[in-house]
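Comments concern the structure below.
Just so you know, all these numbers are worked out from the coordinates, no wet-lab data involved. Treat the numbers as computed from the prediction; the structure is a model and nothing was measured. Cβ coordinates were reconstructed from backbone atoms using ideal geometry, including for glycine residues, and neighbour counts include every protein chain displayed.
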């Protein structure tokens, strides 16, 4: 006989698996054009990451526009953006709106301990502010003369 806690756990597990299944079937990226998957298992990833298959990426840009849906492993969907203005807006202008994934932050804490690579939010901004001056273009040019390549 299942107890109250067991029933809650089973209900939560079923709910989580149903959401995962629905996410695999229906995605926000369904409305974005993209090349059909070459394989049901690997999607377009082998073509996309093949260093000798530039024709595939040119085909994506010419036939599907600046934002393209890439099919990943087992039907997972990814967004690939060619537009430099969109990339500038996302990666530089609105950087604070896009935090790193918790798994990524946790792994960086394990590898690098507490520091700029494992900090988020205001702490990360403080680290960047401290490092901006020594790594400015002027300081790197001045110090560059004294650096010798072995």
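Brief remarks on what is shown
- Quotient of Cα Rg and 2.2 N^0.38 Å for region 32-81, N being how many residues it contains: 1.02
- Radius, Kirkwood style, for region 99-143 when every pair of distinct Cα atoms is counted (Å): 11.6
- Calculated FRET efficiency for the pair residue 46/residue 107, C-beta based, R₀ 30 Å, to 0.05: 0.70
- Unit Cα scatterers, Debye sum, region 16-130: log10 I(q)/I(0) for q = 0.16, 0.23 Å⁻¹: -0.98, -1.18
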